[in-house]
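**Q** Here you go, one structure.
The values are calculated or read from the model by the stated rules, or taken from the named source; none is laboratory data. Predicted model, so just to flag it, every value in this text is computed and none were measured. Cβ: placed from backbone, ideal geometry, glycine included. Neighbour counts: every protein chain shown.
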């Protein structure tokens, strides 16, 4: 079995408006995921939510940077070419459990 697979999520040229829809959809989905993870960890387990909080902060910054780039493209009459490749690697469960414990 191959340990790593790649999936092309986005590949195309978009107007600033369409790029905003595509990119914000991806980023907002990840922010929502980490907010749910944070809530679940706090309520159900009373556990450490620092990883989720850090990712939310990072993704919020990414959201702002994308917004600025889209505004710049729109103001200057540009479209945006967007390519997104998702790389997924199979790892042994013990390795993942050790990573999540940190």
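**Q** Scan segment 52-63 and give yes if some residue there is part of a loop (DSSP other than H, G, I, E, B), modelled with pLDDT of 95 or more and closer than 28 Å to residue 24 by Cβ, otherwise no.
**A** Looking through segment 52-63, none of the residues is part of a loop (DSSP other than H, G, I, E, B), modelled with pLDDT of 95 or more and closer than 28 Å to residue 24 by Cβ.
**Q** Okay, next question. Scan segment 54-75 and report the pairs whose first residue is closer than 15 Å to residue 15 by Cβ and whose second residue is exposed (fewer than 12 other Cβ atoms within 10 Å of the Cβ) and at pLDDT 95 or above, with Cβ atoms within less than 9 Å and a gap of 6+ or a chain change.
**A** Matching pairs, first to second residue: 70/17; 74/17.
**Q** Surrounded by 10 or more Cβ atoms within 10 Å (Cβ to Cβ), assigned to a strand (DSSP E or B) and touching a residue at least 40 places away in the same chain (Cβ under 8 Å): which single residue out of 10, 22 fits that description? So that I can check it myself, show each step before the final result.
**A** Numbers: 22 fails: assigned to a strand (DSSP E or B).
That would be 10, the only listed residue that is surrounded by 10 or more Cβ atoms within 10 Å (Cβ to Cβ), assigned to a strand (DSSP E or B) and touching a residue at least 40 places away in the same chain (Cβ under 8 Å).
**Q** Next question. Which one of the conditions (1) loosely packed, with under 15 Cβ neighbours inside 10 Å; (2) within 18 Å of the chain's Cα centre (by Cα) does residue 42 fail to meet, given that it meets all the rest?
**A** Of the numbered conditions (1) loosely packed, with under 15 Cβ neighbours inside 10 Å; (2) within 18 Å of the chain's Cα centre (by Cα), the odd one out for residue 42 is (2).
**Q** Okay, moving on. Could you grab me the full set of residues in segment 69-96 that are at pLDDT 95 or above, part of a helix (DSSP H, G or I) and over 12 Å from residue 23 (Cβ atoms)?
**A** Result: 71, 72, 74, 75.
**Q** So, residue 37, is that one surrounded by 10 or more Cβ atoms within 10 Å (Cβ to Cβ), part of a helix (DSSP H, G or I) and at pLDDT below 95 or not?
**A** Numbers: surrounded by 10 or more Cβ atoms within 10 Å (Cβ to Cβ): yes; part of a helix (DSSP H, G or I): yes; at pLDDT below 95: yes.
In short, yes.
**Q** I would also like to ask the following. Residue 10 - would you say it is under 27 Å from residue 91 (Cα atoms) and more than 15 Å from the chain's Cα centre (by Cα)?
**A** Working: under 27 Å from residue 91 (Cα atoms): yes; more than 15 Å from the chain's Cα centre (by Cα): no.
Here the answer is no, as residue 10 does not meet what is asked.
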